[in-house]
Amino acid sequence: MAKPSPPARANQGVSQGQGHLRIIAGEWRSRRLAVPVGPGLRPTPDRVRETVFNWLAPYIEGAQVLDAFTGSGALVLEALSRGAEDAVALDSNPAAISNLKDNLELLRCPRGQILQTDALRYLDGEAKKQFDVVFLDPPFHQDLLANTCSLLEERQWLRERAWIYTESEAAPSTLQMPGNWRLHREKKTGQVHYALWQRG
């Protein structure tokens, strides 16, 4: 059972020596939360998250969400703040998973299943549910994105008109995505390409 949380304050949960993320909008707007500092755990920048959730604004409320490489948890926390019905977040990093569980407890949010697991291994299993919105921000240069997308499709983890957000080191036009996915939006910030796809 979750422990009672103290009264909410705007900067609650940020500890000295740690990184932090700020939730942009929704139920927890402007809340600042601690995140562990380390390789692969940098939150998706505020400006990028704002753009992505503007793209997803008509679809996020009531959605079933998957964040397959959750890292800091910035994307899944933003989705839950904006009204996603439920979320599954995966990561193999124990510090990231422990921190995300702590943040959901701090926010008194029961709408998240946080699992320390390898995303590809998890998605290669039987689909336990189907998702409306999926976030894919895997470590770069490890050929994870194409394999993850293939498993989502082959193992039937996606609803018919699901939305899939990707971050990649390569331009979306060069990615090997399932043939029934349509590129809806794309942008580039620095060396990172980010895109929104819709399953057809």
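Any read-out appearing in this document is the output of simple, stated calculations on the displayed coordinates, not a laboratory observation. A quick note: this is a predicted structure, and the numbers were derived from the prediction, not measured. Quick reminder, even Gly has a Cβ in these numbers, built from the backbone with ideal geometry, and neighbours come from all protein chains shown.
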Label points 7 Å out from Cα along the Cβ direction at residue 18 and residue 98: separation in nm?
1.1 nm
Label-point separation in nm, residue 118 to residue 198, each point 7 Å along Cα→Cβ:
3.5 nm
Which FRET efficiency, nearest 0.05, do residue 32 and residue 57 yield, Cβ-Cβ r, R0 25 Å?
0.65
Cα-centre dipole for the chain with unit charges at Cβ (Lys and Arg positive, Asp and Glu negative), debye to 20
640 debye
Give me, ordered by chain and number, the residues 5 or more places off residue 158 or on other chains with an amide H under 5 Å from its own placed amide H.
131
Which residues in segment 104-134 place their backbone N less than 12 Å from a point set 7 Å from the Cα of residue 147 along the Cα-to-Cβ direction?
118-124
Rounded to whole Hz, the Karplus (6.51, -1.76, 1.60) HN-Hα couplings of segment 46-55, x for glycine and proline
3, 4, 5, 4, 4, 4, 4, 6, 5, 4
Given H placed on each backbone N at 1.01 Å, which residues far from residue 181 in sequence or on other chains put an amide H within less than 5 Å of it?
200
Using the C-alpha atoms of the chain, what convex hull volume per residue, in cubic angstrom, is computed?
117 Å³
When DSSP assigns beta bridges and you keep just the ones with both residues in the chain, what percent turn out antiparallel, to the nearest 5?
50 percent
Trypsin sites (Lys or Arg not before Pro) restricted to DSSP loop in segment 94-141 with at most 16 other C-beta within 10 Å:
108, 111, 128, 129
Can you list residues from other chains, or at least 5 along the same chain, whose modelled amide H is less than 5 Å from the amide H of residue 134?
66, 163, 164, 165
Per the charge dipole of segment 55-154 (beta-carbon charges, Lys/Arg positive, Asp/Glu negative, Cα centre), the residue among 65, 151, 125 reaching farthest to the positive end is 65
Tell me, 184, 141 in order of fewest to most beta-carbon neighbours within 10 Å?
141, 184
